[in-house]
Amino acid sequence: MDQKYISGTKLITRYVYRVFPLVNKELHKIAGLCINSKDRILSDLALRSIQKKKFHAQGGSVYALYPKAHMDETVKFIVSFQTISDYLDNLCDSAGIYDEKAFRQLHYAMQDAVTLGSKNSDYYRFYPYKEDNGYLNALVDRCKKQIAKLPSYDLIKEPLKKQVELYSDLQSLKHLSVNTREKKLQSWSIGYLPQYKEISTWEFSAATGSTLNIFLHFASAWDRHLTKEDVRSNEKAYFPWINGLHILLDYYIDYAEDIETNELNFTSYYNDQKECEKRLMYFTDSSLNACAGLKYPEFHTTIVKGLLAMYLSDPKAYKGFNRFTSKSILRNSGRTNTYFYHKVCKVLRLSGAI
């Protein structure tokens with residue numbers, strides 16, 4: 001795709017009318033892979049991840065519109081990889097299991113999915129349910145098939161590996177028992193803070209929970225002229241800023257529900273609502289500033305403003321004191337495009353498209 005096609009409004013139009021149908025098509029194919037498992041709970045959790053978390057695949061697939069990316073093939077990778085992520089999240093969160101060793105073994109699927117030449121591991125080795133009718137292996141293989149087509153894979157393989165390892169660490173710790181998870185996450189994340197002095201341990205953990213930079217690296221590797229400097233710039237902009245903003249917004253709108261159900265929520269570690277607002281604005285400003293130094297600044301700026309529009313168009317963003325915080329964040333991000341994207345997201349929510 002030529003750069004002239006990545007202006008904000010054109011990107012949103014292509015995203016809704018061209019990418020969404022491709023995502024739906026891929027999710028339909030994947031849903032057919034997870035039926036008839038001998039361990040019925042695995043089929044149920046797989047289908048639930050597809051039905052309840054469809055918007056994750058939709059959101060990530062915006063990178064199919066990245067300049068020079070192959071749209072169809074990029075959607076296939078993103079939907080398959082995001083489905084692995086959502087499925088494993090359900091396995092760790094919804095089956096009453098709190099075994100770190102089992103969680104780490106499951107997440108080898110994500111590492112294998114982005115590593116050419118790797119042999120698929122025994123992902124269910126320490127998990128009590130194992131018979132998934134080949135579902136997880138099929139998803140891993142679908143990802144590898146697309147990875148193998150990338151002309152510049154060698155340039156992005158290490159950043160991919162790094163992010164997947166961080167993501168796997170987070171997921172293996174955050175789903176542990178209430179009495180264990182905070183201490184383990186704190187001791188894990190604090191070791192990275194010398195590299196990221198402007199953020200807290202909980203903000204670092206949040207940044208590791210996003211798959212956006214994985215999808216960016218994949219999409220960028222279609223460019224035969226990709227450089228190491230391009231990859232480094234993308235990495236610095238997305239981690240911790242754009243990744244962190246993504247997940248902090250997610251936790252921000254889910255705060256009340258998570259506290260009620262005793263779920264871990266990274267925004268709960270702010271002293272009060274005002275500090276949460278200030279830090280979300282800081283991540284927003286840092287993300288937008290970082291976009292200016294990237295190869296396709298308008299594309300990335302649209303992503304950041306789209307994240308704000310997507311999450312802050314959720315009705316939960318206007319419950320209680322969130323109403324004031326959400327309005328302040330939107331105002332802070334710049335009225336012109338963000339407010340337009342916000343209205344578009346509201347319409348898409350009302351129509352059931354997202």
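The numbers here are math on the coordinates, done by the rules we state, and not lab data. The structure presented is a predicted model; accordingly, all values stated were derived computationally and were not measured. Neighbour counts are summed over all protein chains in view; Cβ atoms, including those assigned to glycine, are modelled from backbone coordinates with ideal geometry.
Tabulated results
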read-out	value
Rounded to the nearest 20 debye, dipole of segment 1-105 from Cβ charges on Lys, Arg, Asp, Glu	400
Net charge of Cβ neighbours under 13 Å - reference LYS130; Lys, Arg +1; Asp, Glu -1	-1
Options PRO151, SER168, ASN213, ranked by Cα towards positive dipole end of segment 115-223, top entry (Cβ charges)	SER168
Euclidean distance of C-alpha centroids, segment 1-79 and segment 256-321, integer Å	23
Overall Cα dimensions of segment 38-97, principal axis frame, Å, largest first	43, 20, 16
Spin-label zone in segment 161-181 - amide nitrogen under 15 Å from a point set 7 Å from the Cα of SER268 along the C-beta vector	174-181
Rough spin-label spacing in nm, given labels placed 7 Å along Cα→Cβ, for ARG323 and LYS29	4.6
Additional length obtainable on full extension of the chain from LYS101 to ALA138, 0.36 nm per residue less Cα span	11.1 nm
Distance histogram in 10 Å bins (all Cα pairs of segment 117-180, percent per bin)	15, 39, 34, 11, 1
Residues LYS183 and LYS130, FRET efficiency given R0 of 35 Å [Cβ-Cβ distance, rounded to 0.05]	0.70
Total charge dipole magnitude, segment 52-114, about the Cα centre, Cβ charges on Lys, Arg, Asp, Glu only, Debye to nearest 20	160
Equivalent ellipsoid semi-axes, segment 1-149, via Cα gyration tensor eigenvalues times 5, rooted, Å	30, 16, 13
Percent RCO, i.e. relative contact order, over the chain, from Cα pairs under 8 Å lying at least 6 residues apart	15
Selection from GLY8, ALA64, GLN51 lying farthest towards where the dipole of segment 1-149 points positive, charges on Cβ	GLY8
For segment 151-354, radius of gyration divided by Kirkwood radius, i.e. Rg to Rh on alpha-carbons	0.97
Prolate/oblate/rounded call for segment 75-231, Cα gyration tensor, a/c under 1.5 rounded	oblate
Spin-label model distance (nm) - LYS145 vs LYS346, 7 Å beyond Cα toward Cβ	4.2
Computed [θ] at 222 nm, helices only, for the chain once each DSSP H run of length n ≥ 4 contributes -39500 (n - 2.57)	-20500 deg cm²/dmol
Gain in span if fully extended, SER94 to HIS225, counting 0.36 nm per residue against the direct Cα distance	42.8 nm
THR261 paired with ASP39, simple spin-label distance in nm, labels 7 Å along Cα-to-beta-carbon	2.2
Whole-Å semi-axes of the chain's equivalent ellipsoid (Cα gyration tensor)	28, 25, 21
Ordering of 221-233, 274-286 by burial proxy (mean other Cβ atoms within 10 Å per residue, highest first)	274-286, 221-233
Three-way shape call for segment 247-354 based on the alpha-carbon gyration tensor, with the a/c threshold at 1.5	oblate
Square roots of five times the Cα gyration tensor eigenvalues for segment 89-141, Å	19, 12, 9
Selection from TYR341, SER233, LEU264 lying farthest towards where the dipole of the chain points positive, charges on Cβ	TYR341
